[in-house]
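The values are calculated or read from the model by the stated rules, or taken from the named source; none is laboratory data. These numbers were taken from a predicted model, which means no experiment stands behind them. For neighbour counting, all protein chains shown are included, and Cβ atoms are generated from backbone atoms with ideal geometry for every residue, glycine included. Ligands, DNA and RNA are stripped out before the accessible areas are found, and what is left, the full protein with its side chains, is counted by its heavy atoms. Shrake-Rupley method; radii C 1.70, N 1.55, O 1.52, S 1.80 Å.
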Amino acid sequence: MRRVSWQTVEVTTVEIVSAMALNPDLLKTSFTLLKEDQSAFSDLFYSTLFSDYPQVKPLFAHTNMEEQPKKLFASLVLVVENLVKPDVLTAALQGLGTRHIKYGVLPEHYPMVGGTLLKSMETILQDNWTPEISAAWAEAYAAITEIMLEGADYPAEILNPKNTVSV
């Protein structure tokens, strides 16, 4: 469920992806520009992520950091190429959410990554980063997060730590 203003509205995964796909041309166009500086983007993303959020660095302790930037970019390609295929995108993102549990990723890490993603895109795209592109990517990342978290089957104590009793 997504809280909208004063109403609570049921939103299905396909509706989330469809809403995200309302502006696929803007996302694709900006991503094409980003691909021109793929290496610079990936380097900037990880250096910014680790600088701004040092607490996430241990999540990458067993990660091949030469391959990781390629995986990040491949995930972005998957999203952009499947904006108009909600079923394909949903299945892939839910699977990605499930795999991220194994790496120790928690729900609170998603905003850190999302903020870093947008910050890195803005830096690389410079004058091509418009308010419309920023809004489109922010909306896309919010939808991606929701779908990935649907695929992540976190135990209740992780999602609601204040509800657990410590011994």
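Structure notes:
- Residue count for region 41-66, restricted to those that are among the small types (Gly, Ala, Ser) and over 19 Å from the mean Cα position of the chain (by Cα): 1
- Matching residues in region 116-145 - criterion: being open to solvent by 70 Å² or more (accessible area, probe 1.4 Å) and touching a residue at least 12 places away in the same chain (Cβ under 8 Å): Lys119, Glu122, Thr123, Asn128, Glu132, Glu139
- Of the residues making up region 42-68, not one is surrounded by 15 or more Cβ atoms within 10 Å (Cβ to Cβ) and over 14 Å from Val113 (Cβ atoms).
- Thr90 within 16 Å of the chain's Cα centre (by Cα), under 28 Å from Thr130 (Cα atoms) and either modelled with pLDDT of 95 or more or of a type in the set (Asp, Glu) (or both): no
- Contacts under 6 angstrom Cβ, first residue in region 82-106 being under 17 Å from Thr63 (Cβ atoms), partner modelled with pLDDT under 90 and assigned to a loop (DSSP other than H, G, I, E, B), 6 or more apart: Ile101/Ala152
- Unique residue being in a loop (DSSP other than H, G, I, E, B) and open to solvent by less than 30 Å² (accessible area, probe 1.4 Å) when the list is Val80, Val105: Val105
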